[in-house]
Every structure is written in C-alpha cells, then in structure tokens.
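Beneath this line is the structure, given in structure tokens, with notes to follow.
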C-alpha cells in the first residue's frame with residue numbers, strides 16, 4: 001500500500017521563513033512530511049540520498065540561497081530524468097522579472113513572491129499543494 005503522506009522538500013536560508021512555510025503547509029495538510037534544508041547544495045544532497053519511491057512530490061526553493069541559488073538548483077535538477085516529475089516552485093522575497101524568467105525556463109512550475117502575512121502564506125501554500133495533489137490522483 002502506498003504511503004498516503006505528502007513528502008515535501010523546502011529549501012530556504014531564513015529559519016523564520018522555513019517555519020512560516022511549514023506552518024502554512026501543515027495547516028492545510030497536517031499529514032505532510034516536510035524536510036527542510038538551508039542551502040541549494042543540501043537540496044541536491046538530500047535528493048541524491050533518497051530512493052526513487054521516496055522522492056518528494058513538491059520542492060519549494062528560495063531564490064537567494066548560499067552555495068546554489070534556486071535557479072541553479074533547478075538547472076542541475078533538469079539534467080536528471082528522475083527529477084522531471086517532481087513539481088518545483090520558487091518562493092522568494094524578490095519579484096525581479098529576470099529571476100522569474102530564469103527560474104521558469106529552468107523548470108519551475110510557479111514563482112511566488114513571499115507574502116507579508118500568514119493568511120496570504122496559507123493561500124500560496126494551498127496553490128503549491130494543489131500541484132502535489134494533482135500528481136497523486
């Protein structure tokens with residue numbers, strides 16, 4: 001029987017933002033299994049150590065992170081066939097059009113600018129989870 005939990009990887013170098021994202025996601029999907037990392041290199045290390053049947057259905061990346069930024073992580077993931085069915089989204093404080101274009105061309109399903117309040121964070125989390133749920137049906 002498949003594991004009914006939703007496996008999500010979140011990468012952000014800001015601990016407060018990690019907590020906000022986790023709260024917003026678990027408010028909507030309490031069974032979500034979140035793994036949090038604080039830089040782009042750790043995203044790739046985490047994924048490399050997961051068996052194919054345990055890969056996340058959703059990866060949330062900050063744009064500005066140490067080691068590798070969100071766009072660089074997307075580009076490197078795009079080289080690996082086993083990651084092609086994972087929904088990847090960017091959640092960033094920057095709405096820079098060049099960043100958005102770069103991320104979208106590197107495989108992001110969506111690019112969200114971080115909200116300023118919790119109710120908007122929950123709305124963004126719902127949109128992210130919709131991608132994950134669509135892949136499970």
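The values are calculated or read from the model by the stated rules, or taken from the named source; none is laboratory data. The structure displayed is predicted, hence computed values, not measured ones. Note: ideal-geometry Cβ built from the backbone for every residue, glycine included; neighbour counts use all protein chains shown.
Taking the range 108-123 as the search range and keeping residues that are under 12 Å from the mean Cα position of the chain (by Cα) and crowded, with 19+ Cβ neighbours inside 10 Å, which one is nearest to residue 76 (Cα to Cα)? Even if it seems obvious, please write down each step before you answer.
Here is the first cut: in the range 108-123, the residues under 12 Å from the mean Cα position of the chain (by Cα) are 108-112.
Still in the list and also crowded, with 19+ Cβ neighbours inside 10 Å: 108, 111-112.
Values: 108: 12, 111: 18, 112: 20 Å.
Restricting to residues being under 12 Å from the mean Cα position of the chain (by Cα) and crowded, with 19+ Cβ neighbours inside 10 Å, the top hit is 108.
In this structure, is residue 75 part of a helix (DSSP H, G or I), free of Cβ contacts under 8 Å to residues at least 60 places away in the same chain, out of contact with any helix residue (DSSP H, G or I) (no Cβ under 7 Å at 6 or more places or on another chain) and within 23 Å of residue 48 (Cβ to Cβ)?
Working: part of a helix (DSSP H, G or I): yes; free of Cβ contacts under 8 Å to residues at least 60 places away in the same chain: yes; out of contact with any helix residue (DSSP H, G or I) (no Cβ under 7 Å at 6 or more places or on another chain): yes; within 23 Å of residue 48 (Cβ to Cβ): yes.
Answer is yes for this residue.
Any residue in the range 49-58 that is surrounded by fewer than 12 Cβ atoms within 10 Å (Cβ to Cβ), in contact with a helix residue (DSSP H, G or I) (Cβ under 8 Å, 6 or more places away or on another chain) and not in a loop (DSSP other than H, G, I, E, B)? Walk me through it before giving the result.
Kept after step one, since they are surrounded by fewer than 12 Cβ atoms within 10 Å (Cβ to Cβ), are these residues of the range 49-58: 49, 51-54.
Still in the running and in contact with a helix residue (DSSP H, G or I) (Cβ under 8 Å, 6 or more places away or on another chain): 52.
Next cut, not in a loop (DSSP other than H, G, I, E, B) only: 52.
Yes, that holds for at least one residue.
If I filter the range 82-102 for residues that are out of contact with any strand residue (DSSP E or B) (no Cβ under 9 Å at 6 or more places or on another chain) and on the phi > 0 side of the Ramachandran plot, do I get at least one hit?
no
Can you tell me how many residues within the range 86-107 are modelled with pLDDT under 95, surrounded by fewer than 18 Cβ atoms within 10 Å (Cβ to Cβ) and within 25 Å of residue 7 (Cβ to Cβ)?
0
Identify the single condition in (1) touching a residue at least 40 places away in the same chain (Cβ under 8 Å); (2) exposed (fewer than 14 other Cβ atoms within 10 Å of the Cβ) that residue 129 does not satisfy, given that it satisfies every other one.
(2)
For residue 53, only one of the following conditions fails: (1) touching a strand residue (DSSP E or B) at 6+ places or on another chain (Cβ under 8 Å); (2) free of Cβ contacts under 8 Å to residues at least 60 places away in the same chain; (3) closer than 14 Å to residue 83 by Cα. What is its number?
Just one mismatch for residue 53, condition (1).
Considering each residue of the range 15-48, count those that are assigned to a helix (DSSP H, G or I), in contact (Cβ under 8 Å) with a residue 60 or more places away in the chain and touching a helix residue (DSSP H, G or I) at 6+ places or on another chain (Cβ under 9 Å), and give that number.
First, the residues of the range 15-48 that are assigned to a helix (DSSP H, G or I): 15-28, 40-48.
Restricting the remaining residues to those that are in contact (Cβ under 8 Å) with a residue 60 or more places away in the chain gives 17, 20-21, 23-25, 27-28.
With the extra rule that they be touching a helix residue (DSSP H, G or I) at 6+ places or on another chain (Cβ under 9 Å), the set shrinks to 20-21, 23-25, 27-28.
Number of matching residues: 7.
Quick test for you: out of 63, 83, pick the one residue that is crowded, with 18+ Cβ neighbours inside 10 Å and free of Cβ contacts under 8 Å to residues at least 40 places away in the same chain.
On the way: 63 fails: free of Cβ contacts under 8 Å to residues at least 40 places away in the same chain.
Going through 63, 83 in turn, just one is crowded, with 18+ Cβ neighbours inside 10 Å and free of Cβ contacts under 8 Å to residues at least 40 places away in the same chain: 83.
For the range 114-137, how many residues are outside any helix (DSSP H, G or I) and either at pLDDT 95 or above or in contact with a helix residue (DSSP H, G or I) (Cβ under 9 Å, 6 or more places away or on another chain) (or both)?
So in the range 114-137, the residues outside any helix (DSSP H, G or I) come out as 114-117, 137.
Filter once more, so that each one left must be either at pLDDT 95 or above or in contact with a helix residue (DSSP H, G or I) (Cβ under 9 Å, 6 or more places away or on another chain) (or both): 114-115.
Total meeting the criteria: 2.
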